[in-house]
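Colleague: Please find one structure pasted underneath; my questions will follow.
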Amino acid sequence: MTLPTANPLVTALATGQPESYGALYDRLARSLLRVARVMLRDSSEAEDAVQDVFVELVRYRDRLTHVQDLDAYVFTILRYGVLRRLRRQQKERRRLRELTRIETHKQEFCSADELDRALKSLPPQQREVIALKIDGGLTFAQIAEVLDVNANTAASRYRYALKKLRQLLE
């Protein structure tokens, strides 16, 4: 028994033909971006989410051999990526609220010098992420670009820095 003939675009994507990714991008990018913007309510985050879709398609192209409906598959990747971003944003907002609470607590119980010493005691990479995030107001994607690391690394450095600051200031 033979399998049904696969979509030629799916076959080209699965074999890593660069022009096939361009063709898919040309066909779906606008729709993907519109959906991501609605879900994320942020154009920059939406653009990053769409870019992540294509990175994932390239990275896991061997999975494409089983895809029946390419459009549905691509939008599924987008949806899961958006949900991951939304969860990260929620965690980030909680951390920022916690940091604000710590800062309020510090204002009551520690001096600016103590805060300055605590920040200086952080490793340079963590201090840099804290400055870019809090003082610069950048997203983790933007911080990742500035530091030439991936967004997960930037987020981890931020999380570790907050944990260490909490420990130092308590």
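Colleague: So Val10 ticks every box in (1) β-branched (Val, Ile, Thr); (2) more than 17 Å from Thr139 (Cβ to Cβ); (3) without any contact (Cβ under 8 Å) to a residue 60 or more places away in the chain but one. Which box is left unticked?
Modeller: (3)
Colleague: Is one or more of the residues making up segment 71-83 surrounded by 14 or more Cβ atoms within 10 Å (Cβ to Cβ), small (Gly, Ala, Ser) and assigned to a helix (DSSP H, G or I)?
Modeller: Yes: one or more hits.
Yes/no per residue for (1) out of contact with any Lys or Arg (no Cβ under 6 Å at 6 or more places or on another chain); (2) modelled with pLDDT under 90; (3) assigned by TED's automatic domain parsing to the domain that holds Ala46; (4) more than 26 Å from Arg34 (Cβ to Cβ):
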position: Tyr80; (1), (2), (3), (4): yes, no, yes, no
position: Glu92; (1), (2), (3), (4): yes, yes, no, no
position: Ala131; (1), (2), (3), (4): yes, yes, no, yes
position: Val146; (1), (2), (3), (4): yes, yes, no, yes
position: Ala151; (1), (2), (3), (4): yes, yes, no, no
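Colleague: If you don't mind, there's one more thing I want to ask. Could you list all residues from segment 117-170 that are in a loop (DSSP other than H, G, I, E, B) and under 25 Å from Asp42 (Cα atoms)?
Modeller: Gly136, Gly137, Leu138, Thr139, Asp148, Val149, Asn150
Colleague: Scan segment 123-154 residue by residue and report those that are among the hydrophobic types (A, V, I, L, M, F, W, C) and within 20 Å of Arg93 (Cα to Cα).
Modeller: Answer for segment 123-154, where residues must be among the hydrophobic types (A, V, I, L, M, F, W, C) and within 20 Å of Arg93 (Cα to Cα): Val129, Ile130, Ala131, Leu132, Ile134, Leu138, Phe140, Ala141, Ile143, Ala144, Ala151, Ala154.
Colleague: Looking only at segment 1-11, filter to residues that are surrounded by 14 or more Cβ atoms within 10 Å (Cβ to Cβ) and more than 10 Å from Arg61 (Cα to Cα); which one of those is modelled with the lowest pLDDT?
Modeller: Out of the qualifying residues, it is Ala6.
The values are calculated or read from the model by the stated rules, or taken from the named source; none is laboratory data. Here the structure is a predicted model, which means the values were calculated and not measured. Positions of Cβ are backbone-derived with ideal geometry, glycine not excepted, and every protein chain shown enters the neighbour counts.
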